[in-house]
1. If each residue's Cβ is checked for other Cβ atoms within 10 Å, how do V33, V215 rank with the fewest at the top?
2. Looking at this model, which pairs from K67/K162; K66/K150; K53/K162; K45/K69; K97/K128; K53/K79 are more than 31 angstrom apart at the alpha-carbon?
3. Could you sort 114-121, 78-85, 137-144 so that the peptide with the highest average Cβ count within 10 Å comes first and the rest follow in order?
4. Efficiency by 1/(1 + (r/R0)^6): what FRET value for E166 and M59, r their Cβ-Cβ distance, R0 = 30 Å, to the nearest 0.05?
5. Indicate the gyration tensor shape class of the stretch 53-158 (rounded, prolate or oblate), computed on the Cα atoms with a ≥ b ≥ c the square roots of the eigenvalues: a/c under 1.5 is rounded; otherwise a/b larger than b/c is prolate and the rest oblate.
6. Could you put Y98, Y111 in order, starting from the residue whose Cβ has the fewest other Cβ atoms within 10 Å?
7. By per-residue mean of other Cβ atoms within 10 Å, what is the highest-first order of 203-212, 101-110?
8. D68 to E159: extension gain in nm, 0.36 nm per residue of separation minus the Cα-Cα distance?
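Read the figures in this text as sums done on the coordinates, not as results from a lab. Not measured: the values here are computed from a predicted model. Here the Cβ positions follow ideal geometry from the backbone for every residue, glycine too, while neighbour counts run over all protein chains shown.
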Amino acid sequence: MFKAVGKYVRAVWYLMTFRIDKASESLRMNPGVVSANYDRIIEEKRGRINQYKDAIAAMIAQEQQKKDKLKEVTAEIEKLEKLKAGAAAKARQVAAKYSGDPTATRNDPEYQKCQTAFSDFSSTLAEKQARATELEADLEGLVENINRHKLQIQTQMRELEKLGEEKHDAVATILSAHEEKQIADLMTGLSQDQTSEELRELRELRQKAAAGARVSRELAGLDTKQAEAEFLEFATNSQANDEFDSLIGLTNNSPETNNDGPESTRIPES
């Protein structure tokens, strides 16, 4: 029993799911719904593209910062190289004062000062050069990433434009398919178009009204009177035409011969 109840519940659930799916599919195929869904997707993609643009803009700003930093470090390197060269020149000047005596030169406080400064400048210069090399590598990778992202965002922009065109094509295709289905249904008699049914009813009413009027005329003798009137009119027109033909000589009889009275119409005796 429980198994049967379970099967029944599943069957009802499947039926409800099927009907919901069919209704949802029919609703999604509505041209207005299709257009709205395309608009939603386009807006979502446009939003992501704008976020992508912001990220690329931040990368470009970072690139500019690194360029400025590299420029600053390069200027410091040039300054340190000059200071280092100046310390060496000053030390050579002190050494020249002692005629090249190493011991006397090294014991000179000015020489020691130049030597210490030269050593400091050299170590600082090495650090700045390493920093400059690091910045150059970062800039190279950053520029490469920016260019790659620019290409990707250009591709997405083209896809966004294509989506706008695809939206119009999709709506037009659905409308055309709907019209073709209606025409096919009309041709096969499967259409549920209410206007066709109304037209059929109106035509039937028209036929019934015409038939009722014809019956009423027959019952009232209008058809007989109308026929008699037509015969009299035809006779009058025929007589007038014969008289006109006689006047212009289209017949062998003259107008006088047609006015002989009753004798002219008497049947000859055998």
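1. Numbers: V33 13, V215 10.
Ranking V33, V215 by Cβ neighbours within 10 Å, fewest first, gives V215, V33.
2. Details: K67/K162 37 Å; K66/K150 19 Å; K53/K162 19 Å; K45/K69 36 Å; K97/K128 34 Å; K53/K79 39 Å.
Pairs exceeding 31 Å: K67/K162; K45/K69; K97/K128; K53/K79.
3. Working: 114-121: 16.4, 78-85: 14.9, 137-144: 12.8.
So the peptides 114-121, 78-85, 137-144, ranked by packing, come out 114-121, 78-85, 137-144.
4. On the way: r = 31 Å, r/R0 = 1.02.
The formula returns an efficiency of 0.45 here.
5. Prolate, since a/c reaches 1.5 and a/b exceeds b/c.
6. Values: Y98 15, Y111 20.
Fewest-to-most ranking of Y98, Y111: Y98, Y111.
7. Ranked from most to least packed, the peptides come out as 101-110, 203-212.
8. Numbers: separation 91, 0.36 × 91 = 32.76 nm, distance 3.59 nm.
Full extension from D68 to E159 adds 29.2 nm.
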